[in-house]
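Enquirer: Sharing a structure with you now.
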Amino acid sequence: MINIAIVDDHEMFIEGLVLVLSQVDNFNVVATFSSGDEFLSSIESLTIDIVLMDINMTGKSGIETTKICKVKKPEVRIIAVTMFVEDSYYMQMINAGAHGFILKKAGKFELTQAINEVYKGGNYFSQEILKKMAFKAISKKEDDPDQLSSREVEVLQLICKGMSTKEISERLFLSTKTVEVHRSNILKKTNQKNVAQLVIWALKHNYCSL
């Protein structure tokens, strides 16, 4: 069972989301919150795996709420939910600790896929959002990374497909520890802080495609 919390300041959206999620057998909506402050005040008593977090909320933003949530409960995985494709918030949300992005207009299938992928330890990005981040976001010029080995390229490409460490180890017949070492080395060589940033970097440098 995947325990889910929803943080959004639009009541009608929350009601619709709860209705959709209740139709999926292994999803359990534990609680809903209309603000970041309300969510954070209850976080210690919650048993949750996934948080669907609105980015733009009155009061504390989804970015601020995500940062604090990851400090208080680092094991909780967060999927950012947004109405618009807005470039300016995405990297901030990634840096705050989000594991995925999905648009509010997404259908039940995509929402289910996003939650399952992130729950398994992977990442999920709406294709529309990925295109925005990869090709239109303004970023500083990056130095060329140290040469990636052929094995690291294989691991990187599977990471870009949203695979978890366990799934990559099974695909490449490697131990999970070896995959984690490769993942760590790739992050160091590319100078990226987390897997979400790494996916964007890989798209920009043609290691994977949409």
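Enquirer: Tally time: how many residues in segment 72-108 are more than 16 Å from the chain's Cα centre (by Cα) and either within 17 Å of Glu38 (Cα to Cα) or outside any loop (DSSP other than H, G, I, E, B) (or both)?
Expert: Residues that pass the stated criteria total 3.
Enquirer: Look through segment 159-194, keep the residues that are hydrophobic (A, V, I, L, M, F, W, C) and surrounded by fewer than 21 Cβ atoms within 10 Å (Cβ to Cβ), and return whichever of them is nearest to Met91 (Cα to Cα).
Expert: Selected residue: Leu187.
Enquirer: On the basis of being touching a helix residue (DSSP H, G or I) at 6+ places or on another chain (Cβ under 8 Å), at pLDDT 80 or above and assigned to a helix (DSSP H, G or I), does Val155 make the cut?
Expert: Yes; evaluated as a whole, the condition is true for this residue.
The values are calculated or read from the model by the stated rules, or taken from the named source; none is laboratory data. The model shown is predicted, which means the values in this text are computed figures rather than measured ones. Don't worry about glycine lacking a Cβ; one is built from the backbone with ideal geometry, like all the others, and counts go over all protein chains shown.
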